[in-house]
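A.B. asks: One structure follows; several queries about it will come next.
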Amino acid sequence: MTGTLPPQAAPADEPQMPAEDRRHVIRRRALTLLIIVLLIGIPAGYLVISANQSRNSGKDKEQKYSARGLTEGWPSKVQRRLYQVPIPRPSSKVAWYETNNWKTSRLYVQFQTTHAGLDRFLKQVGVSRSELTKGDITISSRDRNVTGWRFSGPGARPGANWGLVHEQRNPRPTQDIVVNTGSPKYPMVYVVSRLVP
C-alpha cells in the first residue's frame with residue numbers, strides 16, 4: 001500500500017520574494033493592456049482599411065475605364081475565350097472595352113464582318129441567324145451609354161437592327177447581341193458579354 005507523503009516545507013536558504021507594490025502592479029497591467037491593444041487593434045484596423053479600399057477599387061476602376069470608352073483593336077485571346085466572344089476573320093472596325101466590379105464583369109465588343117463571318121460568329125456563340133429578331137435592340141441603355149453605341153436617332157447607322165439575348169447558366173456568360181445590316185455586304189456586330197462571379 002502506498003501512503004500519502006506529508007507536505008514539504010520550502011528550503012530555508014531560498015529568499016522570499018517581496019510583495020509587489022501598487023505602482024509596479026499598475027505599470028505591469030498597463031503594459032499588458034497596451035500589448036493586447038497593439039496585437040488586436042492594429043490587425044483589425046488594417047482589415048477595415050483594406051476592406052474599404054478593396055470595395056472602392058472596383059467602383060474606381062469601372063469609373064476610370066468607363067470614362068475612356070471603347071479601345072480600337074482586338075481584345076486579348078484570354079478575354080475572348082473567357083467571355084466567349086469569337087471574333088471572326090476577316091473583321092474590321094474592331095473595338096472593345098471591359099468593366100469589372102464585384103457584381104458583374106462585362107466585355108463590350110464591336111466588329112464589322114462579312115455575312116459568312118457573321119454566320120461563323122453566331123454558330124461559335126451557339127445560336128443561329130434565324131434566332132435574330134428584327135428591330136430588337138437587346139443591348140440595354142446603360143450599356144449603350146458606356147460605349148456610346150446608337151441604334152436609332154441622329155448619327156445611328158442606317159438599316160435594320162436585329163437582336164437576340166443568348167442566356168447561359170453560370171459560370172458561362174450571357175451575351176446581348178445586336179447586328180446592324182445597314183451595309184448590304186458587311187454587317188456590324190455589337191456584343192455585350194456578362195459574367196457574374
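A.B. asks: Restricting to the range 105-130, and then to whatever is among the aliphatic types (A, V, I, L, M) and touching a Phe, Trp or Tyr at 6+ places or on another chain (Cβ under 8 Å), can you tell me which residue is nearest to residue 161 (Cα to Cα)?
C.D. replies: My answer is 109.
A.B. asks: While we're on this one: So, of the residues in the range 110-148 that are within 19 Å of residue 194 (Cα to Cα) and touching a helix residue (DSSP H, G or I) at 6+ places or on another chain (Cβ under 7 Å), which turns out to be modelled with the highest pLDDT?
C.D. replies: 122
A.B. asks: Moving to a separate point now. Give the residues of the range 84-116 that are in contact with an Asp or Glu (Cβ under 8 Å, 6 or more places away or on another chain) and of a type in the set (Phe, Trp, Tyr), sorted by residue number.
C.D. replies: If the condition is that a residue be in contact with an Asp or Glu (Cβ under 8 Å, 6 or more places away or on another chain) and of a type in the set (Phe, Trp, Tyr), then 108 is the only one that fits.
A.B. asks: Moving on to the next point. Within the range 80-89, does at least one residue satisfy the condition of being assigned to a strand (DSSP E or B) and either under 17 Å from the mean Cα position of the chain (by Cα) or at pLDDT 85 or above (or both)?
C.D. replies: Scanning the range 80-89, I find no residue that is assigned to a strand (DSSP E or B) and either under 17 Å from the mean Cα position of the chain (by Cα) or at pLDDT 85 or above (or both), so the answer is no.
A.B. asks: Considering only the range 69-79, how many residues are outside any loop (DSSP other than H, G, I, E, B), in contact (Cβ under 8 Å) with a residue 12 or more places away in the chain and loosely packed, with under 15 Cβ neighbours inside 10 Å?
C.D. replies: Total satisfying the criteria: 2.
A.B. asks: Among the residues of the range 92-137, which ones are free of Cβ contacts under 8 Å to residues at least 12 places away in the same chain, in contact with a Leu (Cβ under 9 Å, 6 or more places away or on another chain) and open to solvent by 60 Å² or more (accessible area, probe 1.4 Å)?
C.D. replies: 129 - this is the single residue of the range 92-137 that is free of Cβ contacts under 8 Å to residues at least 12 places away in the same chain, in contact with a Leu (Cβ under 9 Å, 6 or more places away or on another chain) and open to solvent by 60 Å² or more (accessible area, probe 1.4 Å).
A.B. asks: Given the conditions (1) in contact (Cβ under 8 Å) with a residue 60 or more places away in the chain; (2) within 17 Å of residue 84 (Cβ to Cβ); (3) among the hydroxyl-bearing types (Ser, Thr, Tyr); (4) not in a strand (DSSP E or B), report the number of the one that residue 193 does not fulfil.
C.D. replies: Against the list (1) in contact (Cβ under 8 Å) with a residue 60 or more places away in the chain; (2) within 17 Å of residue 84 (Cβ to Cβ); (3) among the hydroxyl-bearing types (Ser, Thr, Tyr); (4) not in a strand (DSSP E or B), residue 193 comes up short only on (4).
A.B. asks: Also, I was wondering about something else. Return the residue satisfying two criteria in turn: it lies in the range 21-59 and is modelled with pLDDT under 80 and open to solvent by 90 Å² or more (accessible area, probe 1.4 Å), and of such residues it is farthest from residue 93 (Cα to Cα).
C.D. replies: Checked the range 21-59; the qualifying residue farthest from residue 93 (Cα to Cα) is 53.
A.B. asks: Here is a check on your reading of the model: is residue 146 within 27 Å of the chain's Cα centre (by Cα), crowded, with 18+ Cβ neighbours inside 10 Å and farther than 19 Å from residue 168 by Cβ?
C.D. replies: Answer is yes for this residue.
The values are calculated or read from the model by the stated rules, or taken from the named source; none is laboratory data. Because the structure is predicted, anything quoted here is derived from the model rather than measured. Cβ atoms come from the backbone with ideal geometry, glycine included; neighbour counts cover every protein chain shown. Surface areas here come from the heavy atoms of the whole protein model, side chains and all, with no ligands, DNA or RNA. Shrake-Rupley method; radii C 1.70, N 1.55, O 1.52, S 1.80 Å.
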